[in-house]
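Note sheet for the following structure.
The values are calculated or read from the model by the stated rules, or taken from the named source; none is laboratory data. A quick note: this is a predicted structure, and the numbers were derived from the prediction, not measured. Quick reminder, even Gly has a Cβ in these numbers, built from the backbone with ideal geometry, and neighbours come from all protein chains shown. To get the accessible areas, we keep the full protein, side chains included, count just its heavy atoms, and leave off ligands, DNA and RNA. Shrake-Rupley method; radii C 1.70, N 1.55, O 1.52, S 1.80 Å.
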Amino acid sequence: MSNHDLVINRKMARQNGIVQPLLTDLYQITMAYAYWKSGKVNDVAVFDLFFRTNPFQGEFTIFAGLEECLKFLENFHYSDSDIDYLMQTLPDNIEPEFYAYLKDLTCKDIKLSAIEEGSVVFPRVPLLRIEGPLIVAQLLETTLLTLVNFASLMATNAARYRMVAGKNVSLLEFGLRRAQGPDGGLSASKYAYVGGFDGTSNVLAGKMFNIPVKGTHAHSFVTSFSTLQDISSAALRHAETQEQCDLLQLAADWRRRISAILDVSPDEASDGELAALISYAVAFPTGFLALVDTYDVKRSGLLNFCAVALALNDCGYRAVGIRIDSGDLAYLSVLARNTFEQIAEAFKLNWFAKLTIVASNDINEDTILSLNEQGHKIDCFGIGTHLVTCQRQPALGCVYKLVEINGQPRIKLSQDVGKVTIPGHKEAYRLFGADGHALIDLLQRSSEPAPIIGQKVLCRHPFQESKRAYVIPSKVEHLYKVYWSEGRICVRPKPLSEVRARVQASLRTLRQDIKRNLNPTPYKVAVSDDLYSFIHDLWLQNAPIGELS
């Protein structure tokens with residue numbers, strides 16, 4: 001390996017090592033050669049990266065993945081081994097000079113403009129605008145799409161969970177074991193946090209992205225204990241006095257005392273479960289959050305948990321709470337809260353009534369909405385499969401389309417009007433109404449003057465002539481900033497915590513009817529009158545004229 005490759009590899013360590021120029025579709029490389037062979041090395045192109053439909057039957061999307069795109073541009077380089085592989089893989093007739101050309105390629109001549117990461121975005125409005133040498137811009141397509149598509153889908157899914165759960169309930173991402181492979185799991189943890197989740201079970205994501213990590217224990221920990229004799233040591237030093245406490249003796253006494261209050265016989269409760277909870281409490285006296293549904297929540301789990309929690313209290317520690325992983329979550333959470341309140345009242349321990357109740361068990365958006373209607377008492381949801389796999393819609397469908405070459409606009413036509421591209425170099429503006437909410441996103445040709453606050457703007461549907469309206473904006477937000485130009489990052493990406501805050505701030509600019517779960521109102525995306533005429537003139541120029549006979 002050359003010294004240059006070593007330098008590149010050290011730089012690549014700052015990003016996901018899988019993200020590199022060969023993480024692309026073969027046709028990007030074959031097109032690059034065909035462009036090169038056709039003498040298009042000096043052609044300059046503009047590409048738009050956008051999506052056509054909001055996911056999850058909703059009317060908004062969260063843009064994410066920009067930071068990873070910038071890292072990709074910063075580290076873009078074909079290594080010696082990449083070139084060797086391509087020489088073995090591509091047809092023998094490829095000219096050797098093409099490989100020399102690829103070897104020297106970087107993104108120094110690329111200019112990338114983008115909407116701020118964490119922003120609410122809408123169909124047809126480009127998230128990224130890539131300008132520069134045609135061949136380089138083409139080679140970026142697949143990788144940029146893979147970096148934006150899943151990130152934005154995941155952040156949107158997480159933001160929707162956050163909205164239905166409400167701001168007072170914690171959300172934890174528990175999906176690593178169910179995710180689409182290790183990289184999918186890592187990305188899911190990162191972008192669930194961006195979308196509004198409070199933490200993850202994924203330890204590597206915690207280390208890499210500074211996300212709070214949370215977790216308790218599995219059913220296997222409980223079932224690994226059979227009797228009270230399985231406890232190797234129940235000794236615990238008092239938090240303040242440092243005197244030795246016998247947690248087994250204290251818990252057994254408390255279980256007898258509170259069984260009458262809870263109307264449950266201690267003979268019905270599992271001794272193996274009690275042994276497991278005591279052992280876990282000895283290991284984590286300051287973080288005792290226990291799984292209580294291994295056998296029976298009402299007749300065993302809650303009784304055993306409360307006995308150990310009260311024993312810990314005798315030793316100067318406060319338990320954190322419980323996790324319920326099966327059964328009727330609404331009923332069981334209400335039962336648990338009532339149980340905690342009964343004990344708090346009986347023993348004058350106000351904090352006991354407020355113990356945390358965590359629920360997990362194949363939870364999705366509809367589950368949370370149903371639990372809300374049933375008046376659940378859950379403080380925190382642990383969500384895995386439906387979140388990280390985006391089961392309701394597994395792909396966002398971002399596309400990357402050529403809209404200009406050598407200053408000449410390009411349009412892609414289709415019998416499906418939704419697939420017709422909006423040509424040319426464009427700017428995007430968000431216009432706000434008098435109530436402070438975002439009213440409409442407006443695409444204009446870059447040569448047009450920006451909309452002005454208080455001045456009437458004609459906004460038109462890009463393809464339906466009769467759909468048009470005048471808007472007098474109370475605020476105008478230019479959506480694009482140049483993030484990459486002249487071989488360097490121009491605007492440093494914000495820390496993940498700030499991107500996360502941006503998501504919630506951006507969502508607050510939307511009216512509630514646009515964000516609601518059922519039958520949301522579509523948000524309008526329009527074009528200027530000038531761009532409308534430009535689109536349709538170009539359409540007529542490029543559409544073939546049929547002949548009837």
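If you take every DSSP beta bridge fully contained in the chain, what fraction is antiparallel? Give it as a percent rounded to 5. Please list the in-between numbers first.
Details: 45 of 66 bridges.
For the chain, the DSSP antiparallel bridge percentage is about 70.
Given the -39500 (n - 2.57) contribution per DSSP H run of 4+ residues, what per-residue ellipticity at 222 nm results for the chain, rounded to the nearest 500 deg cm²/dmol?
Numbers: 19 runs with 212 residues, N = 549.
After summing the helix terms and dividing by the residues of the chain, the value is -11500 deg cm²/dmol.
With the contact rule set at Cα under 8 Å and sequence spacing of 6 or more, what percent relative contact order holds for segment 416-467? Can you show the working numbers first?
Numbers: 39 pairs, mean separation 14.1, N = 52.
RCO, segment 416-467: 27 percent.
Enumerate the helices in the chain for which the Kyte-Doolittle hydropathy averages -1.0 or more and the C-alpha atoms extend at least 30 Å along the helix's axis, using complete DSSP H runs.
Details: long enough: 141-165 (36 Å, 0.59).
Going by DSSP H runs, the hits are 141-165.
Do any trypsin sites (Lys or Arg not before Pro) in segment 299-387 lie in a DSSP loop with no more than 14 other beta carbon atoms within 10 Å, and if so, which?
Numbers: sites: R299, R318, R323, R337, K348, K354, K377; in loops: R318, K348, K377.
When the trypsin sites (Lys or Arg not before Pro) of segment 299-387 are filtered for loop state and at most 14 Cβ neighbours within 10 Å, K348 remain.
Set the bar at 27 Å for Cα to Cα. Now go through K214/K348; K111/K494; K37/K111 and name every pair that lies beyond it.
Values: K214/K348 30 Å; K111/K494 19 Å; K37/K111 24 Å.
Where the Cα-Cα span goes over 27 Å, the pairs concerned are K214/K348.
Pick out, in residue order, every one of the trypsin sites (Lys or Arg not before Pro) in segment 133-181 that is DSSP loop and has at most 11 other C-beta atoms within 10 Å; say none if there are none.
Numbers: sites: R160, R162, K167, R177, R178; in loops: K167.
Loop-located and lightly packed - K167.
For segment 393-549, state the average projected area of the convex hull of the C-alpha atoms over all orientations, rounded to one decimal in nm².
Values: hull surface 54.9 nm².
One quarter of the hull surface, i.e. the mean projection, equals 13.7 nm².
Express the accessible area of the chain per residue in Å², computed with a 1.4 Å probe while the remaining protein chains stay in the model. Before the final figure, lay out the partial values.
On the way: 24750 Å² over 549 residues.
Value for the chain: 45 Å² per residue.
Given C-alpha coordinates of segment 43-166, what is the ratio Rg to Rh with the Kirkwood estimate of Rh? Before the final figure, lay out each step's value.
Working: Rg = 17.7 Å, Rh = 16.3 Å.
My calculation of the ratio gives 1.08.
Per-residue accessible area for S220 at 1.4 Å probe radius, Å² rounded to 10?
S220 exposes around 80 Å² with every protein chain in place.
Give me the dipole magnitude in Debye, nearest 20, for segment 418-504 about the Cα centre, with unit charges on the beta carbon: positive for Lys and Arg, negative for Asp and Glu. Could you put the intermediate results ahead of the total?
Numbers: 15 positive and 8 negative charges, 36 e Å.
Using Cβ point charges on Lys, Arg, Asp and Glu, segment 418-504 gives about 180 debye.
Give me the Debye-computed log₁₀ of I(q)/I(0) at q = 0.11, 0.14, 0.22, 0.28 Å⁻¹ for segment 198-267, equal point scatterers on Cα only, no solvent, two decimals.
-0.54, -0.78, -0.99, -1.13
Counting alpha carbon pairs within less than 8 Å and at least 6 residues apart, what relative contact order, in whole percent, applies to the chain?
Relative contact order for the chain comes out at 18 percent.
I'd like to compare 247-258, 538-549: which one has the highest average count of other Cβ atoms within 10 Å, and what's the full order after that? All intermediate terms of the calculation are to be shown ahead of the outcome.
Values: 247-258: 19.2, 538-549: 8.2.
The densest-packed peptide leads the list: 247-258, 538-549.
Based on alpha-carbon centroids, what's the gap between segment 55-105 and segment 500-524 in Å, whole number please?
That distance is 35 Å.
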